[in-house]
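Everything on this sheet refers to the single structure shown next.
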Amino acid sequence: MPSVLNVDTLTDAAGTGPVTLTKQEAIKAYGMVDGTGTINLITSFNASGVTDNGTGDITFSLTNSMSNTTYMFMIDSHNENTGHSARNATKYTGGQAAGSFRFVTGYTNNTSGGGTAYDEDFNPIALMGDLA
Amino acid sequence: MASILKVDELRGIASAGDITVTSEGGAATQSLQQGLAKAWIFTTDKTAYVPTGSFNVSSMTDNAVGRPETNFTNSFNDTNIVGSFDGGYNRLATNYTGDGGITTSSFAHYLISTASSAADVASTGVGFGASYLGDLA
């Protein structure tokens, strides 16, 4: 018979550390950023906000910090206003901190203005690794 | 000694869909559910996009060349879905405002070739993959 456990919080046996999710790991933070006009964090998890550093230059800040600066990240950029235009997103040099992640969006190299930073309206970001 | 709890389903008490877990460093607690990928799809079918492997995906719709659409089994709570896509070799994969765009139960994609035109996965490409984050209904 299937068993159901009702619980609010899961910790390790000591009560201070994380439980092991056997052969899987959860994403620790994600967000959808609209970088056009006044920058907007449309939806998010474990994010305290976003900062507009300049054209296409975005800092995604965390509520709970990562434990190091070598965590895995997934970033992408699109321009939905044009229907289906793929853009490029890349990590800003030195932009990977425990409490934030800075990245730049813009044209891909196969589109007009390739390599140029530009504000885009559909920028998903997700971070994986260990929390502090 | 490590303890192992064997159980088929976990539910929150205060809210069935909300269970908190402790961070690796022990400095914080945050939601387990929100950190889980809610759907993913990978297919090596380069023209019809029939799923090779998937989670919470009922089917793929082939709307036209380079325009696959993912249909979810369990719908999202809203259309604020954080997606990550891969079109493989020489293809950029993006969301698409046509073909219904993004709804709580489906997500339209557009694959673009290096010639900036719609194209299915390249013959030398591995396939199409996508994952979706957000809150389920």
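If you go through the stretch B:6-36 and keep only what is of a type outside the set (D, E, K, R), at the interface with another protein chain (Cβ under 7 Å from one of its Cβ atoms) and assigned to a loop (DSSP other than H, G, I, E, B), you end up with B:7, B:12, B:13, B:14, B:19, B:23, B:25, B:26, B:27, B:28, B:32, B:36. The set of residues from the stretch A:74-97 being facing chain B (nearest Cβ under 10 Å) and either without any contact (Cβ under 8 Å) to a residue 40 or more places away in the chain or over 18 Å from residue A:29 (Cα atoms) (or both) comprises A:78, A:79, A:80, A:81, A:82, A:83, A:84, A:85, A:86, A:87, A:88. Listed by position, the strands (runs of 3 or more DSSP E) inside the stretch A:1-114 whose residues that are more than 27 Å from residue B:77 (Cβ to Cβ) and of a type outside the set (S, T, N, Q) number at least 1 are A:47-54, A:57-62, A:88-96, A:100-106. For first residues located in the stretch B:86-107 and closer than 12 Å to residue A:78 by Cβ, partners that are charged (D, E, K, R) and part of a strand (DSSP E or B) and lie 6+ apart or on another chain with Cβ distances below 8 Å form the pairs B:93/B:86. Checking B:57, B:82 one by one, the residue that is surrounded by 12 or more Cβ atoms within 10 Å (Cβ to Cβ) and closer than 24 Å to residue B:119 by Cβ is B:57 and no other.
Go through the stretch B:61-87 and count every residue that is out of contact with any Phe, Trp or Tyr (no Cβ under 8 Å at 6 or more places or on another chain) and in a loop (DSSP other than H, G, I, E, B). Matching residues across the stretch B:61-87 total 10. Hey, any hits in the stretch B:42-51 for a residue that's among the small types (Gly, Ala, Ser), under 14 Å from residue B:109 (Cα atoms) and assigned to a loop (DSSP other than H, G, I, E, B)? Yes, the stretch B:42-51 has at least one match. For the stretch B:120-137, a residue qualifies if it is small (Gly, Ala, Ser) and either within 22 Å of residue B:56 (Cα to Cα) or modelled with pLDDT of 95 or more (or both), and the qualifying residues are B:127, B:129, B:130, B:131, B:134, B:137. Note on the stretch B:98-117: residues that are in a strand (DSSP E or B), at pLDDT below 95 and among the polar types (S, T, N, Q) amount to 1.
Checked against the criterion of being out of contact with any His (no Cβ under 7 Å at 6 or more places or on another chain), within 7 Å of chain B (Cβ to nearest Cβ) and closer than 30 Å to residue B:110 by Cβ, the stretch A:45-60 has at least one qualifying residue.
When the test is whether a residue is away from every other protein chain (no Cβ under 14 Å), surrounded by fewer than 18 Cβ atoms within 10 Å (Cβ to Cβ) and either under 26 Å from residue A:42 (Cβ atoms) or modelled with pLDDT under 95 (or both), residue B:44 passes it. If you go through the stretch B:67-97 and keep only what is in contact with a Gly (Cβ under 7 Å, 6 or more places away or on another chain), within 16 Å of residue A:121 (Cβ to Cβ) and not hydrophobic (A, V, I, L, M, F, W, C), you end up with B:80, B:95, B:96, B:97.
The values are calculated or read from the model by the stated rules, or taken from the named source; none is laboratory data. Predicted model only: the values in this text are computed from it and were never measured. A quick note on method: Cβ atoms are made from the backbone with ideal geometry, for glycine too, and the neighbour counts reach across all protein chains shown.
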